[in-house]
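The values are calculated or read from the model by the stated rules, or taken from the named source; none is laboratory data. Everything numeric in this text was worked out from a predicted model, so none of it was measured. Cβ atoms come from the backbone with ideal geometry, glycine included; neighbour counts cover every protein chain shown. Note: areas computed on protein heavy atoms with side chains; ligands, DNA, RNA excluded. Shrake-Rupley method; radii C 1.70, N 1.55, O 1.52, S 1.80 Å.
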Amino acid sequence: MPRHLSKIEKLAASLGLVPKARDLPVPERLGDGRLSHYPPFEKWENWEELDARRLPHRYSLIPTTCFNCEAGCGLLAYVDRDSGEIEKIEGNPLHPGSRGRNCAKGPATLNQLRDPERILTPMKRVGPRGTGKFEPCGWDEALEAIANRIRCAFDEGRGEEVMYHVGRPGHEAFMERLLSAWGIDGHNSHTTVCSASARCGYQLAWGYDRPSPDYENAQLILLISSHLEAGHYFNPHAQRIIDAKNRGARIVVLDPRLSNTASRADLWLSTRPGTEAAVLLATIRVLLLAGAVDRTFVENWVDWRGYLQSVHCEASPDLDTFLRLLAEDLAEYTPEYAAQLAGISPDQVRQLAREIERAGPRVAAHVWRAAASGNEGGWQVARAMCLLTALVGAVGAPGGTSPSAWNKFKPEFWTKTEGPKNWNELIWPKEYPLSFYEMSHILPHLVLDGRGKIDVYFTRVINPVWTFPDGFTWMEMLRDESRVGLYVALTPTWNETAYFADFVLPMGHSAERHDIQSQETHAGRWVSFRQPVKRARAALAGEEATDTRSFNPGEVWEEDEFWIDLTWRIDPDGKRGIRRHYESPYRPGKKVTVDEYYRWIFENGVPGLPEKAKEAGLEPLEYMRRVGAFELERGKYRLHEQKVEIPEGSRVRVEAAGGLVTLDGKVVGVAVDGAIRHGFPTPSRKIEVVSKTLAEWGFPGEALPRYSPSHVGPEVIDPEKGIYTLVPTFRLPTMIHSRSGNAKHLNEISHANPVWMHPDDADRHSLADGDLLKVETSIGHSINRVRVTDGVRPGVVACSHHMGRWRLEGGIGSQWSSATVRIEPIEGGRMRLRIIEPSGPFDSADPDTRRGWWKESGVHQNLTFPPQSDPISGMHCWHQLVRVSPAGPGDQYGDVVVDMEKSREVHRAWLAKARPPAGDLRRPEWLPRPLRPQPEAYRIDQQRAPDSP
Amino acid sequence: MTRHRTPNYGFIIDNRRCIGCHACTVACKTEHGDPIGINKTWVQYIEKGTWPEVTRAFHVMRCNHCANAPCVEICPTASLETRADGIVDFDPGRCIGCKACMQACPYDAITLNPDSGTATKCNYCAHRVDVGREPACVVVCPTEAIITGDLDDPQSRIARLMATEQTMVRRPEKGTEPKLAYIEGHRDAPRTARRATGRAHPLGGTNDRRGRPGGRPRRRARLREARRLGRGALAWGDERRAGRRQWRGARALERHRQPRTDLPLRPGAHL
Amino acid sequence: MRTYDIAQRHAGSWGWKVSGYLFTKSIAAGAFLIPALLSLFDEAAPVERLFRSGVPLALAFLALTGVLLVADLKRPERFLWVLLRPQWKSWLVRGAYIITAYGALLGGWFTFGGTPGGFFSTLGGILAAATAAYSGWLFGQAKGRDLWQSPLVPVHLLCQALVAGSAALLLCAPFELADLANVLAVALALDALLILAEMHGRHASEAAARAQKLMISGQRRWWLYCGSLAIGHFLAIVLVLTGEGPTRAVAACFALIGVLIYEHLWVDAPQRLPLA
Ligand SMILES: Nc1nc2c(c(=O)[nH]1)N[C@H]1C(S)=C(S)[C@@H](COP(=O)(O)OP(=O)(O)OC[C@H]3O[C@@H](n4cnc5c(=O)[nH]c(N)nc54)[C@H](O)[C@@H]3O)O[C@H]1N2
Ligand SMILES: Nc1nc2c(c(=O)[nH]1)N[C@H]1C(S)=C(S)[C@@H](COP(=O)(O)OP(=O)(O)OC[C@H]3O[C@@H](n4cnc5c(=O)[nH]c(N)nc54)[C@H](O)[C@@H]3O)O[C@H]1N2
Ligand code: SF4
Ligand code: SF4
Ligand code: SF4
Ligand code: SF4
Ligand code: SF4
Ligand SMILES: [Mo]
């Protein structure tokens, strides 16, 4: 807009004393003067707008998928048509989950792409392992070394010594397919440090391992999670929760800490950690007594007959008896009892019940980590939560809670793979037949116990040395070349585990690699395409694009092309029968390209996509390149009621009592009001109140829903003596584990993780806000600052895990968020990690790296946690019983001291609680397993087990 | 249709929707390429009350695009100027770095860019508005808590909200007539100072097991709370002069608050 | 809660250069204003001599003022834009023109000389007064700092100019005029009253009250009460009235220091309050 200039200025300007007022070109204005969120789709290919300096740019807008958390939100990359660079990143308005919006970590993706300390070439270790010294090497050298080693392992029948360890993949089915093509049971994961507990609880109740709450249409949103700042799935769910709240829905949150979510709740129950099951059961009891249950749903879909059979065999098998007896069996769970345990008021329990009654079936409930992951027996919380939603008929209802699988897409492929024949006991140890899933967090202990060795170890999107408990033991395992032969880390940025690798291979960030992802963000099913946006743009412009490396910075590659290439090197001539799965479905015998890989999936594996693409006059692959996401269906509810097609003329058997329907020996459905329906994938095809599986697999005591005291419950803490429950599990909206470390704008906002403590407790130890304090666990201690706040309940201290990144003295690594540390043995056979140089400021291509104004970048508390494996779910129970005291004279901020012998003892103590199978099966066959092996692998006798003790 | 009247842009920040996620801050910095230390918009967390009657307020702070902007008045070189469409824009090309505007702004919305030595602040993403696009922070916001638009267009969402919801502005007593209005701006959370008695809360941890209260008088705690209150008061307005009610009093906004009959009044109806 | 949110971090963006500029400007203005005023009462001869030391003094300090002003800019090379790309509502611009005019007049007087009580001495007096006072309106435009909003500020600055002017003249032209001492004493007394009013008068707003509290609390209290008031004003008054030659010089120094201290506190304190 032209500004009015004074006469003097006009004169001065004409005399050339001052610069003339610049008038810059303004591209034509969009629309009718009202502001629009995004350019119209037609203009994405070639869009012109001004930058903040008012200089015009020509962009191509290319969609991809955010990878900073599992929500898989859409991103829209602004690729400058002249410079070819990604200038900014916004949301993708055509993405059904995120609807064009993002959390702080979405736009921060740009920071990660431009991180001046990225790994740009493959790196090879120099000097002994774990000294953090590397030198660049070529892709071929790395690939050959890895391929040879794997080939030889395969040929010598040591397949299970090859292990792929992944965190949160966002890589639908790719690796499961790869590993079963390789024929090895080598898939390791992160679930036992993440969500094993909740998965277990949900699975036992309704046969799916997680919920998909329909927040959008809910009347009551019941959260044992922090979905307004984190959670699966933060941004997509927060949008819908807030919409619902503004529509009049109510929010109830159980959380000992005032999370941002709790601060938005209508009812916040500040429960003592581990007592939530009691609160939920008390609520169920109140509802039962009030008769506030959905009788038809319970009649049809809750396995009450099973309950009466196994608990009250003499009782008459009818619904009313069941409801009466269930209430009686829960007799001890009065509001008063639950409230006294949880440290809340009985009225709050009743109020929760009232809220549920008011909402009817529109109860969207969610628990994922929180109480479940923190506490021994935490899976009972998830099961109670699931039963609660079932009793009020919320399961599968609009505004209720559906199983995740209904809203998640799974791709199909052009060849079938059979799955491994072996059972890998380093990943699935006998002791945990019911674990959800891979027992990854005790891997180093199993290896050190000599249960087996790892010949080739891949890590991708996982940083166990830092994000897992007991990092020192991980370091010990990784340092030992006789236990871990060759360690290959696939990562775009340095991390604490990669310091111990032999090869560190740079992989692209979310805008630099291929991938498809689907998440249950709402009552709908979508698939989102992650793609290297520069390559996509070239492809759309008709340019030849065959290797993602030629579009990424340096020699940064992508996983898909890497694995395909590696597979061909492992089986060059196809003799091993592996290669064929990675031959092109379009050019027989030729190596499949990523384009062909996704083209096939989009053309054949995504119902409705080809039609939709046709409408737009595009090929399915090009459609996904331009639009980025596709919604297969929306608003599908009550899928359990769907009828099962019985092939003509085949005879089914219907079991009288439960109504189970079998077709030549296999259960195909359940008979419910006059039809054969899918029901739920549990043994009874219904939602199970009592778990026969638990009874049969050694835990009769846990078969029924109950409150089983946590290892850190109110019974054991004693603030007077400085003994507290440490809650080391909460998230900041701005941080994502160890991924966001290289995003400067996120670091500026959040860069330390002080210990939250209630003022009463702080005063008891005369700790003032900001004082140094010592937090002692059973194996060591860490030194951190205290944050005195009313935002946490008395008797509980809480510390987020997001900060406290480190790099080795003299070693390589990111300086943004990482302090330089010295790791050394100290007296008493203990190890100490001490900060010798705080993180940043430092020199780099980016002037901002000199401007970090914060001195302290957090404390790595995870090192002080021993593995505490829940005997049933296998979950590492995160919460710690700690002694808190003011720091001593010798203590420094960031100090971590650990006695590794102790952590071995603690591991053994928890291992002793586990119960190996009595029968000859390794795991109940109805329980899911990622990368499911062939049936014979389930039989214990079946296998030569080199890796069992 | 293209409209001929120049719009009158403003902001509403709806604290019923804000979840304090900081996305606006990051989106803004990315859009403007601002260096570490410069935040045209930032999110303040303030905890109020005592456990368990405690809550956390999120205050998204930025330039208010005042209708009567002291920063513009004091700027010697018209580097800061109020555009016809109500946006208070700035031109680093004219700034001499005298920092007068930073003294003039009652909201601390202006910072000095270390690179250019010139003042900078939220400019409503004028460069985007000029091509017809919403500001970066608006587009990113997960919960659509930031509402922009033409206050003079009765059909615009912002005008409708202004007409139907209770809004407040920061420090109206300054007479700057801010055009950034907050819904539930200064959340009326319990502003109690901590009890000085040292008796723990009946549900608290100090009487967890033996049920006996503990703790000594909490002087520190009380001071801390007092400090927080002060912070709120200075940021939001001077209760001694403009009483609570007056928070809605800014004239610039009053204009738009004639009760409208054609609108459903149910909260959230605009969604 | 630094870890969980970021507040703006740029308190004190007007530092010692600005308080310094107020101080040098007071002297620059006072050094002409005093003789100009006296020329209305006293006989011409001594005032004439007073002008002779006052004008160069004023010129010198005005130059210093300019240097400080420019030095405080983050883009000093653009300082001329204040005059050449003016935004007339800004008192920075108006002030700049006033100072320029005043400077021009001083320059003229210095080269061609002038007659006390004549047209130029009156005009100069007015410009000097304006030079002293305009900052009052400039600070008044700084709506963010409630302490600076008081309507008394221009008067106060004028008064400080009288103190600074008479004190400075006492130092470099001690024996010119008996009245000088009395002027200083009166000005000091008046200034002391104004300061007390500023510090203890009921303040318009909470922010102002807090700034005020800041000035009379902690370290600043000593600077204000002992430094500025006790020594810089009362002791100075006593000495200047009772004492002779050197004692008066000491008194003058005290007075100058008193003014400097107060101006610095007054500029600094309100900037320390968080507004967001
Ligand atoms: N911003 C952000 N979002 C994320 C992630 C991230 O790192 N950052 N990580 C993603 C991943 S991998 C996961 S698994 C999800 C997990 O997300 P969530 O399932 O929400 O799990 P947490 O964040 O661990 O804990 C949620 C809340 O539970 C509270 N809590 C802790 N212990 C207990 C307890 O014993 N009882 C009760 N009642 N509450 C407790 C914590 O205070 C916290 O506020 O988040 C995902 N989303
Ligand atoms: N104390 C405590 N510890 C926790 C938790 C907690 O709540 N409290 N949460 C636990 C939970 S829920 C989980 S899921 C785990 C997560 O633990 P991890 O999965 O180990 O952590 P991430 O930081 O998500 O990812 C690890 C590494 O992946 C790499 N990476 C990042 N982006 C990419 C990419 O695009 N491609 C590839 N190939 N690599 C990438 C980075 O090097 C990063 O360091 O942490 C667990 N740890
Ligand atoms: S929630 Fe945030 S981090 Fe997670 S995918 Fe969406 S935008 Fe990315
Ligand atoms: S982005 Fe929206 S929700 Fe997040 S802090 Fe900013 S205004 Fe609040
Ligand atoms: S908020 Fe401050 S910077 Fe913005 S217009 Fe008002 S006075 Fe100027
Ligand atoms: S710093 Fe720049 S923008 Fe601010 S008042 Fe001075 S010239 Fe104007
Ligand atoms: S409108 Fe633009 S400049 Fe202002 S805060 Fe939002 S993004 Fe930043
Ligand atoms: Mo997780």
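How much accessible surface does residue A:643 have with a 1.4 Å probe, in Å² rounded to 10?
Here the residue's solvent-accessible area equals roughly 130 Å².
Provide A:591, A:614 ordered by accessible surface of protein heavy atoms (probe 1.4 Å), highest first.
Putting A:591, A:614 in descending order of accessible area: A:614, A:591.
Would you rank A:855, B:121 by solvent-accessible area, highest first, keeping every protein chain in place and using a 1.4 Å probe? Display every interim value, and only then the final one.
On the way: A:855 135, B:121 5 Å².
If we order A:855, B:121 from most to least accessible, we get A:855, B:121.
Tally the DSSP beta bridges in chain A and give the antiparallel ones as a percent, rounded to 5.
Details: 75 of 117 bridges.
Counting only bridges with both partners in chain A, antiparallel ones make up about 65 percent.
To one decimal place, what orientation-averaged projected area in nm² is obtained for the convex hull of the Cα set of the range A:1-138?
Details: hull surface 61.2 nm².
Taking the Cα atoms of the range A:1-138, their convex hull projects to 15.3 nm² on average.
Which of the DSSP-defined H helices in chain C satisfy a minimum axial length of 18 Å, computed from C-alpha atoms, and a minimum mean Kyte-Doolittle hydropathy of 0.5?
The answer, listed by residue number, is C:16-41, C:44-72, C:91-112, C:119-141, C:153-172, C:178-200, C:245-268.
Could you tell me what percent of the accessible area of the protein assembly as shown is made up of carbon and sulfur, with a 1.4 Å probe and every protein chain present?
Working: 28110 of 49820 Å².
Summing carbon and sulfur atoms, their accessible area is 56 percent of the total for the protein assembly as shown.
Just round it to a whole percent: the fraction of Cα-Cα distances in the range A:545-584 exceeding 16 Å. Before the final figure, lay out the partial values.
On the way: 320 of 780 pairs.
When all Cα pairs of the range A:545-584 are counted, 41 percent exceed 16 Å.
Compute a Gaussian network model of chain C, connecting alpha carbons closer than 10 Å, and tell me which residue from C:68, C:40, C:105 fluctuates the most.
In the Gaussian network model the winner is C:40.
So what's chain C giving for Rg/Rh, alpha carbon basis, Kirkwood Rh from the mean inverse pair distance? All intermediate terms of the calculation are to be shown ahead of the outcome.
Numbers: Rg = 19.1 Å, Rh = 19.3 Å.
Rounded to two decimals, Rg/Rh equals 0.99.
Rounded, prolate or oblate: which fits the range A:601-656 when a ≥ b ≥ c are the square roots of the eigenvalues of the alpha-carbon gyration tensor, with rounded for a/c under 1.5 and prolate only if a/b beats b/c? Don't skip to the end; give the middle numbers.
Values: a/c = 4.36, a/b = 2.52, b/c = 1.73.
Taking the square roots of the gyration eigenvalues as a ≥ b ≥ c, the range A:601-656 is prolate.
Using just the C-alpha positions of the range A:825-901 as equal point scatterers, what log10 of I(q)/I(0) does the Debye formula give at each q in 0.22, 0.27 1/Å?
Once normalised to I(0) and log-transformed, intensities are -1.10, -1.34.
Equivalent ellipsoid semi-axes for the range A:831-949, as square roots of 5 times the alpha carbon gyration tensor eigenvalues: give them largest first, rounded to whole Å.
Numbers: eigenvalues 386, 98, 33 Å².
One finds semi-axes of 44, 22, 13 Å for the range A:831-949.
Can you run the Rg to Rh ratio on the protein assembly as shown? Use alpha carbon positions and the Kirkwood inverse-distance Rh. Don't skip to the answer; put the middle values down first.
Numbers: Rg = 36.4 Å, Rh = 35.5 Å.
On the Cα set of the protein assembly as shown, Rg over Rh gives 1.03.
What's the long-distance tail for the range B:1-144, i.e. % of Cα pairs beyond 27 Å?
Tail of P(r) above 27 Å: 26 percent of Cα pairs.
Treating each Cα of the range A:603-696 as an identical point scatterer and ignoring solvent, apply the Debye formula and state log10 I(q)/I(0) at q = 0.20 Å⁻¹.
Once normalised to I(0) and log-transformed, intensities are -0.91.
Largest first and to the nearest Å, give the Cα extent of the range B:1-85 along each principal axis.
Answer, in whole Å and largest first: 52, 36, 26 Å.
Please calculate the 1.4 Å probe accessible area of residue C:120, with all protein chains present, and give it to the nearest 10 Å².
Only protein atoms counted, so the area is about 120 Å².
Per the helix-only calculation at 222 nm, which mean residue ellipticity applies to the protein assembly as shown, given -39500 (n - 2.57) for every DSSP H run of n ≥ 4 and division by its residues, nearest 500 deg cm²/dmol? Write down the numbers at each step before the final one.
Numbers: 46 runs with 493 residues, N = 1496.
Result for the protein assembly as shown: -10000 deg cm²/dmol, rounded to the nearest 500.
Based on Cβ point charges of +1 for Lys and Arg and -1 for Asp and Glu, what charge dipole magnitude is obtained for chain A about its Cα centre, in debye rounded to the nearest 20?
Working: 118 positive and 126 negative charges, 256 e Å.
Charge dipole of chain A: 1220 debye, to the nearest 20.
Less than 25 Å apart at the alpha-carbon level, and either on another chain or at least 8 residues along: which lysines does that give for residue A:902?
Leaving aside lysines fewer than 8 places away in the same chain, those within reach of residue A:902 are A:430, A:453, A:721, A:774, A:913.
How much accessible area per residue does the range A:605-734 have, in Å², with a 1.4 Å probe? Kindly include the intermediate steps, with their values, before the conclusion.
Working: 5970 Å² over 130 residues.
On a per-residue basis, 46 Å².
Given Cα pairs under 8 Å that are at least 6 residues apart, what percent is the relative contact order of chain A?
Working: 2157 pairs, mean separation 155.7, N = 949.
Value for chain A: 16 percent.
What are the GluC sites (Glu not before Pro) within the range A:273-338 that DSSP puts in a loop, where the Cβ has at most 12 other Cβ atoms within 10 Å?
A:314
Need one value: the accessible area of residue A:37 in square angstrom, 1.4 angstrom probe, rounded to the nearest 10.
70 Å²
How much length would be gained if the chain were fully extended between residue A:921 and residue A:11, taking 0.36 nm per residue of separation minus their Cα-Cα distance, in nm to one decimal? Don't jump to the answer; show the numbers that get you there.
Working: separation 910, 0.36 × 910 = 327.60 nm, distance 9.39 nm.
Residue separation times 0.36 nm, minus the Cα-Cα distance, leaves 318.2 nm.
Cα extents of the range C:1-141 along the three principal axes, largest first, in whole Å?
70, 30, 23
How large is the accessible surface per residue of the range C:210-276, computed with a 1.4 Å probe and reported in Å² as a whole number? Working shown, then result.
Working: 2930 Å² over 67 residues.
On a per-residue basis, 44 Å².
In square angstrom and rounded to 100, what buried accessible area do you get between chains A and B, total over both, with the probe at 1.4 Å?
7400 Å²
State the Kirkwood hydrodynamic radius of the range A:522-611 in Å, one decimal place, computed from all pairs of distinct Cα atoms.
14.9 Å
At a probe of 1.4 Å, how much accessible area disappears from chains C and B on forming the pair, both sides counted, to the nearest 100 Å²?
Numbers: alone 13700 and 14520 Å², together 23930 Å².
Adding both sides of the contact gives about 4300 Å².
Please compute the alpha carbon radius of gyration of the range A:247-373, then divide it by the globular-protein estimate 2.2 N^0.38 Å. Two decimals is fine. Before the final figure, lay out each step's value.
Details: Rg = 15.7 Å, N = 127, 2.2 N^0.38 = 13.9 Å.
Compactness ratio reported: 1.14.
Please list A:95, A:711 from largest to smallest accessible area, probe radius 1.4 Å, with all protein chains kept in place.
Numbers: A:95 5, A:711 40 Å².
In descending accessible area the options line up as A:711, A:95.
Hey, got the Cα dimensions of the range A:370-422 along the principal axes, in Å, largest first?
43, 33, 17
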